[in-house]
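The values are calculated or read from the model by the stated rules, or taken from the named source; none is laboratory data. Keep in mind the model is a prediction, meaning the values are calculated, not measured. So basically every Cβ, Gly included, is an ideal-geometry build from the backbone, and we count neighbours across all protein chains shown. Each accessible area value is taken on the protein alone, full model and side chains, heavy atoms only, with ligands, DNA and RNA left out. Shrake-Rupley method; radii C 1.70, N 1.55, O 1.52, S 1.80 Å.
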Amino acid sequence: METQKIPLYKFRRFGEKISDTFAFVGDNFKTLLKFVTCAILPFALIGGLAGNGYINGLASIIQGSSAGDPSTESLIGTGVSYAGLLLVILLGYVALFAAVYGLMRVYADRENGLRGLTWKEFKPMFTHLVKRGLKLMLFIFVITILACVLLGGLIGLLGDENLMVLFFLIFYVLLLIIIMPLMLMTPIYLFEDDIKLFPALKKSFHLGFPTWGGIFAVLIVLELIVGVVSGLLSLPWLIALFAKIAFGIEEGATGFVGTFGFSLMFFVLTAYMLLVSFVCYGLVAVGMAYQYGHAAEKVDHVSGQPEEEKMELPVYGEENF
């Protein structure tokens, strides 16, 4: 017997998007936690190593600056560790979205949802979405580089400081307007196998601008919740970070923070902090999926949901939600 499921493509009020997000996570919490942890744990461990190296290098630079000039080796090592940490985080988010959206797709297709799902059964879907996620990440990276080059060229042509200030104000307003629809590009590309990158970009604006307010509201609420929860769970790492920087600068490698035991503890806590951050952000990924499903239904009527089942009279202020 097929269990009652939460449909992806459905016209939703703002409150329904939030409640469906928590309902899906609550109903499938153990499966989500298990599969998401398996998917991102390697990146959390590698990120723990890179983060440990970055903080060590940063402490060395601060210590060197107080004594004179920091060494070139410290600057290079810190830069390499930071670049490695950023790369690991980006790849971790690719794995996170592939796991979350893959599980949501399996949930919709299987008769019993995620009940009894094994990694062997899920692996083909996960691998498929990781490949698409990597393509999407490279696409966004190239578009970002081109935008930065264009922005730099425009700034160079302006010359006048007043014009530059005005240009930056206009740029940030336009960026805020554009960034919300772009949040739908990831669910569009990972849920729709037949769509390519540029059509996915075009569709994100097609669905995003009519529902701009909803994207903004869902993102703000879920980001706030995730920020508070992940911040509280990451307190041990924050305490260790403060101790490492404060006492490391004062005592150098001779104090407790320079011992192997503290370095090992800090690596474990850094990996734990990254794991917590990734897992908590899965809530935002689910919320954006339901926002995408709402936008697709509102704009394109993809599910054929009868009009009488939708919102008869829009609530004031929810027209673009």
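Screening the chain for whole DSSP H helices with an alpha carbon extent of at least 15 angstrom along the helix axis and a mean Kyte-Doolittle hydropathy of at least 1.6 yields 161-182, 212-233.
From most to least packed by mean Cβ count within 10 Å, the peptides 95-107, 141-153, 232-244, 15-27 give 95-107, 15-27, 232-244, 141-153.
Expressed as a whole percent, the accessible area of the chain that falls on carbon and sulfur atoms is 72 (1.4 Å probe). For the chain, the per residue solvent-accessible surface stands at 54 Å², with DNA, RNA and ligands left out and a 1.4 Å probe.
Accessible surface comparison of Lys5, Lys135, probe 1.4 Å, protein chains only, largest first: the order is Lys135, Lys5.
Helices in the chain, meaning DSSP H runs of at least 4 residues, each add -39500 (n - 2.57). Divided by all residues, the mean residue ellipticity at 222 nm is -28000 deg cm²/dmol. Using the average count of surrounding beta-carbon atoms within 10 Å as a protection proxy, the listed peptides 286-297, 32-43 rank, highest first, as 286-297, 32-43.
Here, the range 56-207 yields an orientationally averaged convex hull projection of 14.2 nm² when only Cα atoms define the hull. Labels on offer are (i) 22, 25, 13, 25, 14, 0; (ii) 26, 52, 21, 1; (iii) 28, 60, 12, 0, and the one holding P(r) over Cα pairs in 20 Å bins from 0, in percent computed from this structure is (ii).
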